[in-house]
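Chemist: My structure is below; once you've seen it, I'll send some questions.
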Amino acid sequence: MATRILRTLVPMLVAVAAGALVLVLVVREVAPHSWSGTAFATATPAPPFTGLTDDAGNPADLAAQEGKVVVVYFGYTSCPDVCPLTLSRAARAIDALGDRGDDVQLYMVSVDPARDTLDRLGEYLRHFDDRFVGLGGDVDTVADVAASYGVFFEVQPPDDTGFYEVDHTATLLGIDRDGNLKVIWDPDIEADPLQSDLEELLG
């Protein structure tokens, strides 16, 4: 009797287990990605980098990066805390992608044109990742590009030594392979969830 029951139950259990596995795989395939940042509901073309220059001295051309995932950050090299922490996390996230990280381009637009020469920008960013590129321009040009991305910045009065900080929106902005703004991340996002979102953008 027991043997007969086992003969009946075992195939049933195997079938149930197989069905559950198929269901899990299907759910993974069709379930929408849970973004760690704030995703745009509709396709929104990313604003161009009009008037900016990259740290190699070339006119910045966002359109030339179509087919890649682009991450845009507005910051400055003298930033004492938020910028280096955010860039470090971004570097770890991109590095964790392995070879796919070559299809992610991070740009930092300097909000401190007075101090951030192109050479200084390039040297600073290479400390985080050789693939990171700095963008600079005069203050009016940077302000126009920043505004097009919904970014605010303001230079603060200098202290007794002449050092000053720049208050700025410190979010990371993700652009998909088609050149559309896709997601905005808080500056304190950790490397692992950022990596997961970048993998989704890479497809």
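The values are calculated or read from the model by the stated rules, or taken from the named source; none is laboratory data. Keep in mind that this is a model prediction, so the values were computed, not measured. Here the Cβ is made from the backbone with ideal geometry for all residues, glycine too, and neighbour counts use every protein chain on show.
Chemist: Among strands (runs of 3 or more DSSP E) lying entirely in region 52-165, which contain 3 or more residues that are modelled with pLDDT of 95 or more and more than 19 Å from Leu194 (Cα to Cα)?
Modeler: So the answer is 133-136, 153-155.
Chemist: Which pairs do you get when a residue that is at positive phi and not assigned by TED's automatic domain parsing to the domain that holds Val71, found in region 122-144, comes within reach of a residue that is buried (at least 20 other Cβ atoms within 10 Å of the Cβ) and among the basic types (Lys, Arg), reach meaning Cβ atoms under 8 angstrom, with the pair 6+ apart or on two chains?
Modeler: Between residues of region 122-144 that are at positive phi and not assigned by TED's automatic domain parsing to the domain that holds Val71 and residues that are buried (at least 20 other Cβ atoms within 10 Å of the Cβ) and among the basic types (Lys, Arg), there is no close pair.
Chemist: Further question: Which one of these is surrounded by 13 or more Cβ atoms within 10 Å (Cβ to Cβ) and either touching a Leu at 6+ places or on another chain (Cβ under 7 Å) or outside the structural domain of Thr141 (by TED's automatic domain parsing) (or both): Thr50, Thr44, Thr77?
Modeler: The unique qualifying residue is Thr77.
Chemist: Looking at Thr169, is it assigned by TED's automatic domain parsing to the domain that holds Val72, over 22 Å from Asp186 (Cβ atoms) and of a type in the set (Val, Ile, Thr)? Please lay out each step first, then the result.
Modeler: Values: assigned by TED's automatic domain parsing to the domain that holds Val72: yes; over 22 Å from Asp186 (Cβ atoms): no; of a type in the set (Val, Ile, Thr): yes.
When the stated conditions are applied, Thr169 does not pass them.
Chemist: Pull up region 145-164, narrow it to residues that are surrounded by 15 or more Cβ atoms within 10 Å (Cβ to Cβ) and out of contact with any helix residue (DSSP H, G or I) (no Cβ under 7 Å at 6 or more places or on another chain), then point me to the one that is nearest to Pro59 (Cα to Cα).
Modeler: Val145
Chemist: Can I ask one more? Is it true that Gly101 is surrounded by fewer than 22 Cβ atoms within 10 Å (Cβ to Cβ), touching a helix residue (DSSP H, G or I) at 6+ places or on another chain (Cβ under 6 Å) and assigned by TED's automatic domain parsing to the domain that holds Ile184?
Modeler: Taking the combined requirement at face value, the residue satisfies it.
Chemist: Additional query: For region 80-91, what are the residues that are buried (at least 16 other Cβ atoms within 10 Å of the Cβ) and in contact (Cβ under 8 Å) with a residue 60 or more places away in the chain?
Modeler: Cys83, Thr86, Arg89, Ala90
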